[in-house]
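Presented below is the structure to which this report refers.
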Number of protein chains: 2
Amino acid sequence: MKTIYLDNGATTKICPAAEAAIKEANEKFFANPASIHHAGIEASKRLERARKTIANTLGASPEEIIFTSGGTESNNLAIKGLSFQNPSKKHIIASKIEHDCVLNSCKWLEERGYEITFLDVDKEGFVNLQQLQNAIRPDTLLVSIIHGNNEIGTLQNLQKIYEICKKKKAIFHTDACQSFTKAPLSAKMADMITINAHKMHGPKGIGALYIRKGIQLTPLAHGGGHQQGIRSGTQNVAAAAGFEAAIKEAQKQKKQIKNMQNLRDYFIKSALKIPNSTLNGAEGNSRLANNINISFAGVEGESVAALLDMEGICCSTGSACASKSLDPSHVIMAISNNSHERAHGSIRFTLSASNTKKEIDFTLRALAQAVKKLRKISPLKR
Amino acid sequence: MKTIYLDNGATTKICPAAEAAIKEANEKFFANPASIHHAGIEASKRLERARKTIANTLGASPEEIIFTSGGTESNNLAIKGLSFQNPSKKHIIASKIEHDCVLNSCKWLEERGYEITFLDVDKEGFVNLQQLQNAIRPDTLLVSIIHGNNEIGTLQNLQKIYEICKKKKAIFHTDACQSFTKAPLSAKMADMITINAHKMHGPKGIGALYIRKGIQLTPLAHGGGHQQGIRSGTQNVAAAAGFEAAIKEAQKQKKQIKNMQNLRDYFIKSALKIPNSTLNGAEGNSRLANNINISFAGVEGESVAALLDMEGICCSTGSACASKSLDPSHVIMAISNNSHERAHGSIRFTLSASNTKKEIDFTLRALAQAVKKLRKISPLKR
């Protein structure tokens, strides 16, 4: 049976260009970039080339880009690193639809004496800007709001959020793991930005944090003082080269974003023909180009996913990270006035540029059948 | 000019077996192992196979192995994770010759109210066991002592250290990044063990922490609850597969350790014929199989390394992580009664199994010439 992979929000397949860059780096630039001999210097140059590409992509300076092991580490570093560094300000604002790594970093700080305000979102998943403005206090250290939501795809208006934060003197961080290379993003939109490679066909195990010059963070990983002392640990030149190659590949294929959006909208329109179905998240340019998230009344998303899996279709019920948990999605709960039915009935498909209309048509047929079948046996008759 | 790479203590070249395992995983097991569809389950199985190999190598259970981004993260997690989890015990013991990531994690805790005892070492770099025994107090949370020292190669007697720690009820952690697969190491020798891949021909960006069952750590990376919640972040299946392959390769080539030791001893014996030279560290089986560290009176190690680099020879003056620092090596200072001359005059060569006698002979000639040349122009006449 052929696999139809529609779980690119969980992770993507590495692209050939990234694999080639890694192979080259493993061969030519394997030395430790902290070493002072010629091989170390060459490795360091290769690493800094990758850092510069990433910086340029965001309109930042290379010194403002710190490599990490991925999105989770970048988000932890932004939130805890800033908190450790500024112990006098103990109020943090996040939205109710953050990724678990932001939520749980905040909750950990909450246990340690911090006050966290979790902002509401509207039916489409947009943060309430008036509530944000009112929530920022003199002791507010940080506002952390996800750019493209990993479950429902809603893209926040970062410019407006950043404007409010600047006006009220709070530092603004955004988790852009899902949106990076899929939606407009730049260093003009936030003080700190989390990105990673494996959500956009780069290698796993590498991410970065953009940190505006002047913002000081306490490192989470102390050590040899790599990367200005902000993140110690032998730098992964090959992964950085792979990350860079995946970015260049994405930039070459900007047309594919439009194609993905079209395929996404075709998927959504077709799937919503299934009775009692609801789109979760925003539409058009305010939605991640590759995200489809729909709730089907009277069925469990997990059961739908299991039936689709039997047809070779890979999708998810929300965040992959939380997919083994039985709790309803906190994101769908936040946009649906805490509807357990909608949260349990949601299913997410996340496209890559290589998905075809044929795959989508096959999936749509299987989806309609699965929902029909499950509704027949559901105790909640519709 | 051909490169002679003798800086394998800084990092190694990835071996073909590890590259092949990564390639296969990128192709077949690219899905997120936290996903519940068939591709995710396959990826998860591949990941757990790698974890099991690593566990078996140490005589541990797979649940006791937590993957991290490398040695620095593992050491930070062991020290800070244990400290955050046990706030009532605020005394930590480490040796004076720890890697910077252990030293600086301890120093960070010191700034936050912890008391750190840094144990002396003798002339060969062995920790003073009597001093250790006397230093452990009822409020001692942790003893962290490096197994194979990264600069001078001295291998501590972990069994004896662990015995003392157990008797006096302190948790014992060891950083075994340099010794893993090069010296006997098992879960019977410590409560927590740091290992990583890139020091033994595996990929960069992956390490692990062995954590004895029953020891609780507060995560440094909060998030989706991966790896029993101890270390969140999408798991890097390909890198884990590469790590596993490198371990299997090392196990196949145990004879090479003996060859490395022989080449090491030949190097040391020959280099010590240069007048006014001193071996730093222990000898025989108490020394890392691939480590040579010698001080030449009246010369700067950095100048020697620079002259050798001009001949294509890659070596270092100590830890790669600290190689851009002008401070004298804290390790050589600790074994030499704080001799600045010996610390500044030290140079480290670290072999891999693929180095040849021909390369070593070339290096020895270049080394003798470099020392001679530098002594001629040195203000400290010998």
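The values are calculated or read from the model by the stated rules, or taken from the named source; none is laboratory data. Since the structure is predicted, the reported quantities are computational estimates derived from the model, not experimental observations. A quick note on method: Cβ atoms are made from the backbone with ideal geometry, for glycine too, and the neighbour counts reach across all protein chains shown. Remember, those area values only see protein heavy atoms, side chains included, never the ligands or the DNA or RNA. Shrake-Rupley method; radii C 1.70, N 1.55, O 1.52, S 1.80 Å.
Of the residues making up the stretch B:212-227, not a single one is surrounded by 21 or more Cβ atoms within 10 Å (Cβ to Cβ), under 29 Å from A:T12 (Cα atoms) and under 18 Å from the mean Cα position of the chain (by Cα). Answer yes or no as to whether A:E42 is open to solvent by 30 Å² or more (accessible area, probe 1.4 Å), closer than 26 Å to A:V331 by Cβ and either touching a residue at least 40 places away in the same chain (Cβ under 8 Å) or within 13 Å of chain B (Cβ to nearest Cβ) (or both). For A:E42, the condition - open to solvent by 30 Å² or more (accessible area, probe 1.4 Å), closer than 26 Å to A:V331 by Cβ and either touching a residue at least 40 places away in the same chain (Cβ under 8 Å) or within 13 Å of chain B (Cβ to nearest Cβ) (or both) - is not met.
Results for (1) over 30 Å from A:L132 (Cα atoms); (2) out of contact with any Lys or Arg (no Cβ under 9 Å at 6 or more places or on another chain); (3) at pLDDT below 95, shown as yes or no for each residue.
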position	(1), (2), (3)
A:M1	yes, yes, yes
A:Y5	yes, no, no
A:C15	yes, yes, no
A:H37	yes, yes, no
A:P62	yes, no, no
A:N75	no, yes, no
A:I97	no, yes, no
A:N104	no, yes, no
A:L109	no, no, no
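Of the residues making up the stretch A:344-354, at least one is more than 19 Å from A:T3 (Cα to Cα), within 19 Å of the chain's Cα centre (by Cα) and buried (at least 19 other Cβ atoms within 10 Å of the Cβ). Selection of first residues in the stretch B:216-233 that are farther than 20 Å from B:K89 by Cβ and of second residues that are assigned to a loop (DSSP other than H, G, I, E, B) and aliphatic (A, V, I, L, M), restricted to Cβ pairs under 7 Å at least 6 apart or on distinct chains, gives the following pairs, ordered by first then second residue: B:G224/B:A34; B:H226/B:A34; B:R231/B:A221; B:S232/B:A221; B:G233/B:A221. Residue by residue through the stretch A:5-38, note down the ones that are part of a helix (DSSP H, G or I), more than 24 Å from the chain's Cα centre (by Cα) and crowded, with 24+ Cβ neighbours inside 10 Å. Hit for the stretch A:5-38 is A:A25, nothing else. Taken over the stretch A:156-181, the criterion of being touching a Phe, Trp or Tyr at 6+ places or on another chain (Cβ under 9 Å) and either more than 14 Å from A:N196 (Cβ to Cβ) or assigned by TED's automatic domain parsing to the domain that holds A:S316 (or both) is satisfied by A:Q156, A:N157, A:L158, A:I161, A:Y162, A:I164, A:C165, A:K166, A:F172. Of all residues in the stretch B:138-155, those being surrounded by 21 or more Cβ atoms within 10 Å (Cβ to Cβ), of a type in the set (V, I, T) and touching a His at 6+ places or on another chain (Cβ under 9 Å) number 3.
Table: residues versus (1) acidic (D, E); (2) touching a residue at least 12 places away in the same chain (Cβ under 8 Å); (3) under 20 Å from B:I79 (Cα atoms); (4) in contact with an Asp or Glu (Cβ under 8 Å, 6 or more places away or on another chain).
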position	(1), (2), (3), (4)
B:F126	no, yes, no, no
B:I136	no, yes, yes, no
B:K160	no, yes, no, no
B:I164	no, yes, yes, no
B:K168	no, yes, yes, no
B:P184	no, no, no, no
B:A190	no, yes, yes, no
B:T194	no, yes, yes, yes
B:G207	no, yes, yes, yes
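When A:K52 is tested against the conditions (1) within 14 Å of another protein chain (Cβ to nearest Cβ); (2) without any contact (Cβ under 8 Å) to a residue 12 or more places away in the chain, the lone failure is (1). For the residues A:L209, A:L158, the requirement of being open to solvent by less than 10 Å² (accessible area, probe 1.4 Å) and either within 15 Å of A:L119 (Cβ to Cβ) or of a type in the set (K, R) (or both) singles out A:L158.
Filtering the stretch A:99-121 to residues that are within 11 Å of chain B (Cβ to nearest Cβ), out of contact with any helix residue (DSSP H, G or I) (no Cβ under 6 Å at 6 or more places or on another chain) and either outside any helix (DSSP H, G or I) or open to solvent by 10 Å² or more (accessible area, probe 1.4 Å) (or both) leaves A:H99, A:L103, A:N104, A:K107, A:W108, A:E111, A:R112. Taken together, the residues in the stretch A:264-309 that are in a helix (DSSP H, G or I) and either touching a helix residue (DSSP H, G or I) at 6+ places or on another chain (Cβ under 9 Å) or surrounded by 18 or more Cβ atoms within 10 Å (Cβ to Cβ) (or both) amount to 18. Of the residues making up the stretch A:45-66, those that are open to solvent by 10 Å² or more (accessible area, probe 1.4 Å), of a type outside the set (S, T, Y) and outside any helix (DSSP H, G or I) number 2. Taken together, A:P62, A:P33 contain a single residue that is touching a Leu at 6+ places or on another chain (Cβ under 7 Å) and over 16 Å from A:H173 (Cα atoms), which is A:P33. For the stretch A:152-229, the strands (runs of 3 or more DSSP E) that sit wholly inside it and include 1 or more residues that are more than 14 Å from chain B (Cβ to nearest Cβ) and polar (S, T, N, Q) are A:171-175. Regarding the stretch A:122-137, can at least one residue be identified that is within 13 Å of chain B (Cβ to nearest Cβ), open to solvent by less than 10 Å² (accessible area, probe 1.4 Å) and in a helix (DSSP H, G or I)? Looking for residues that are within 13 Å of chain B (Cβ to nearest Cβ), open to solvent by less than 10 Å² (accessible area, probe 1.4 Å) and in a helix (DSSP H, G or I), one finds none in the stretch A:122-137, hence no. In the condition set (1) open to solvent by 20 Å² or more (accessible area, probe 1.4 Å); (2) modelled with pLDDT of 95 or more; (3) facing chain A (nearest Cβ under 7 Å), B:Q85 is compliant with all but (3). When A:A238 is tested against (1) in a helix (DSSP H, G or I); (2) more than 30 Å from A:A34 (Cβ to Cβ), exactly one condition is not met: (2). A Cβ distance below 7 Å, combined with a sequence gap of six or more or placement on separate chains, defines the contacts here; from the stretch B:16-31, residues that are at the interface with another protein chain (Cβ under 8 Å from one of its Cβ atoms) reach residues that are open to solvent by 30 Å² or more (accessible area, probe 1.4 Å) and not in a helix (DSSP H, G or I) in the pairs B:F30/A:K13.
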